[in-house]
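Enquirer: Provided herewith is a single structure, encoded as structure tokens, for subsequent inquiry.
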Amino acid sequence: MIANIISQSDGAYMAATILLVEDESGIQELVKFNLTQNGHSVMCADSAEQALMLTRESLPDLVLLDWMLPGMSGMELARIFRADNRMKGVPIIMLTARGDERDKVLGLETGADDYITKPFSPRELSARIKAVLRRRAPQMTEDRVEIRGLSLDPVSHRVVGNNTPLDLGPTEFRLLHFMMTHPERVYSRAQLLDHVWGDHVFVEERTVDVHIRRLRLALEASGHESLIETVRGAGYRLSAQS
């Protein structure tokens, strides 16, 4: 899930790992080609069952999900994803030939974040992906984040607190970026490992505690260490109300 920064004419954005679930090989190849050209990493599945196998191995940043699939439908798969603790926060964009409003509403009620009717252009798909990531996974965007005088710029990879440059290691930077883009929410150690380290990385949950301590130490130079709160029995939270 750790992304690289890709520069394009409309600005920098973070490349994502995208799970494409589409059974029509021609459409799958075309969409994969365009996504790869935009810097994204693409995992392909031609059935819901194969998609479930892939998500057990690696957590994607976003799912492009065809409505009509052999066997289990895309709607059923979306319901399974939304009931899964690991997958419920992953954005879903439905791809479908169904264009009427009732189908669109049904797809959104099932848990999809957006809905694209076939045929669609690569430009439209790219714009929809960026919009959904900006809304559902802000840590995947290039936007500078600022909370109570603490500023993080993912493009220049700089952190400044009250005009004081702060020196953070790469893991602490990703940890702070994720927590600043999801303020006031409590995340368990396991959830932070999934979102910051990637769920395919097998490390002890206590590793999170070590990096939280390092992050707090780095933030002491500007007096922002109190933003990172320990929530007993639950995990950690970045709170602007500290």
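Enquirer: For the pair GLN241/THR164, report the inter-label distance in nm, with labels modelled 7 Å from Cα in the Cβ direction.
Expert: 2.6 nm
Enquirer: Can you tell me how much longer the chain between VAL105 and GLU142 gets when fully stretched, taken as 0.36 nm per residue apart minus their C-alpha distance, in nm with one decimal? Before the final figure, lay out the partial values.
Expert: On the way: separation 37, 0.36 × 37 = 13.32 nm, distance 3.05 nm.
Net length gain for the segment: 10.3 nm.
Enquirer: Further question on the same structure: Using the alpha carbon gyration tensor of the stretch 186-242, what are the three equivalent-ellipsoid semi-axes (square root of 5 times each eigenvalue), largest first, in whole Å? Spell out each step's value before the answer.
Expert: On the way: eigenvalues 88, 34, 16 Å².
Working through the eigenvalues yields semi-axes of 21, 13, 9 Å.
Enquirer: Between ARG213, ARG232, ARG174, find the one with the highest GNM mean-square fluctuation for the chain; connect C-alpha pairs within less than 10 Å.
Expert: ARG232
Enquirer: Remind me, relative contact order of the chain in percent, using alpha carbon pairs under 8 angstrom and six or more residues apart?
Expert: Values: 392 pairs, mean separation 35.8, N = 242.
15 percent.
Enquirer: Could you give the radius of gyration (one decimal) and Dmax (whole number) of the Cα atoms in the stretch 145-238, in Å?
Expert: Rg and Dmax of the stretch 145-238, Cα atoms, are 12.5, 37 Å.
Enquirer: Longest span of the chain, sites excluded, free of GluC sites (Glu not before Pro) in DSSP loop with at most 11 other C-beta atoms within 10 Å?
Expert: Details: sites that count: GLU184, GLU204.
For GluC sites (Glu not before Pro) (loop position, at most 11 other Cβ atoms within 10 Å), the longest site-free span of the chain is 1-183.
Enquirer: Then there is this: Highest GNM mean-square fluctuation, the chain, Cα pairs closer than 10 Å: which of HIS40, HIS195, HIS211?
Expert: Greatest mean-square fluctuation among the candidates belongs to HIS211.
Enquirer: Give me the net charge for the shell around ILE228: Cβ to Cβ below 15 angstrom, other residues only, Lys and Arg +1, Asp and Glu -1.
Expert: On the way: positive: ARG148, ARG174, ARG185, ARG189, ARG213, ARG214, ARG216, ARG232, ARG237; negative: GLU172, GLU184, ASP209, GLU220, GLU225, GLU229.
Net of charged neighbours comes to +3.
Enquirer: So, in Å, what gap is there between the alpha-carbon centers of the stretch 49-82 and the stretch 182-242?
Expert: Spelled out, the Cα-based centre of one part sits 30 Å from the other.
Enquirer: Around HIS224, which amide H atoms from residues at least 5 apart in sequence, or from another chain, sit under 5 Å from its own amide H, with H modelled in the peptide plane?
Expert: Here the answer is none, since no amide H 5 or more places off falls under 5 Å of that of HIS224.
Enquirer: May I pose another question? Angle, helix 25-37 long axis vs. longest principal axis of the chain, Cα atoms, 0 to 90°, nearest 10?
Expert: So the inclination is approximately 30 degrees.
Enquirer: Another question, if that's okay. For the stretch 180-194, what does the Karplus curve 6.51 cos²θ - 1.76 cosθ + 1.60, with θ = phi - 60°, yield as ³J(HN,Hα) per residue in whole Hz, taken in order and with x for Gly and Pro?
Expert: 6, 8, 9, x, 6, 9, 8, 10, 6, 4, 4, 5, 5, 4, 4
Enquirer: A further question on this structure: Which of these, MET75, MET53, MET87, has the largest mean-square fluctuation under a Gaussian network model of the chain (Cα springs below 10 Å)?
Expert: With Cα springs under 10 Å in the chain, the top fluctuation among MET75, MET53, MET87 is at MET53.
Enquirer: Follow-up question, since we're still on this one. Normalised radius of gyration for the chain, please: alpha carbon Rg relative to 2.2 N^0.38 Å, two decimal places.
Expert: Numbers: Rg = 19.0 Å, N = 242, 2.2 N^0.38 = 17.7 Å.
Taking N as the residue count of the chain, the ratio is 1.07.
Read-outs throughout are calculated quantities, based only on the coordinates presented, and are distinct from any laboratory measurement. Treat the numbers as computed from the prediction; the structure is a model and nothing was measured. Cβ sites come from the backbone with ideal geometry, for glycine too, and all protein chains shown count toward neighbours.
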